[in-house]
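Below is one structure, written out as structure tokens; the observations come after it.
What follows is calculated from the coordinates using simple rules that are stated; it is not laboratory data. What you see is a predicted model; the values in this text were computed from it and never measured. Quick reminder, even Gly has a Cβ in these numbers, built from the backbone with ideal geometry, and neighbours come from all protein chains shown.
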Amino acid sequence: MKKYSFFFHYRKQTEGMTVHFRGVCHPCKFVICNVPCETKYHKTQPYLTMNGKASEIEIIGEKIIIK
């Protein structure tokens, strides 16, 4: 299965997380990441993101599972 880049970060306005996958922003409260990821620092906001490659994400209520 093909893998696509993703990243997620904290979003203060919603007091939760935002997962960006395949060009779509998915707001959520909880993230479960089942694939390797690494931190990336930026000079502008969001200052810290977690980046990796995944084949799919699953949305269950306020939770996103990265597979």
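State which residue pairs qualify: first residue under 15 Å from residue 7 (Cβ atoms) and without any contact (Cβ under 8 Å) to a residue 60 or more places away in the chain and inside the range 53-67, second residue hydroxyl-bearing (Ser, Thr, Tyr) and in a strand (DSSP E or B) in any location, beta carbons under 9 Å apart, and separation of 6 or more residues or different chains.
53/4; 53/5; 54/4; 54/5
For the range 27-67, enumerate the residues that are more than 14 Å from residue 17 (Cβ to Cβ) and either touching a Leu at 6+ places or on another chain (Cβ under 9 Å) or aromatic (Phe, Trp, Tyr) (or both).
If the condition is that a residue be more than 14 Å from residue 17 (Cβ to Cβ) and either touching a Leu at 6+ places or on another chain (Cβ under 9 Å) or aromatic (Phe, Trp, Tyr) (or both), then 39, 40, 41, 42, 47 are the ones that fit.
Among the numbered criteria (1) assigned to a strand (DSSP E or B); (2) over 17 Å from residue 63 (Cα atoms), which single criterion is violated by residue 32?
Of everything listed in (1) assigned to a strand (DSSP E or B); (2) over 17 Å from residue 63 (Cα atoms), residue 32 misses just condition (2).
Taking the range 1-15, which residues are free of Cβ contacts under 8 Å to residues at least 60 places away in the same chain, part of a strand (DSSP E or B) and out of contact with any Pro (no Cβ under 8 Å at 6 or more places or on another chain)?
4, 5, 7, 8
Only residues that are exposed (fewer than 12 other Cβ atoms within 10 Å of the Cβ), farther than 16 Å from residue 64 by Cα and under 14 Å from the mean Cα position of the chain (by Cα): list them for the range 24-46, please.
Passing the criteria: 38, 39.
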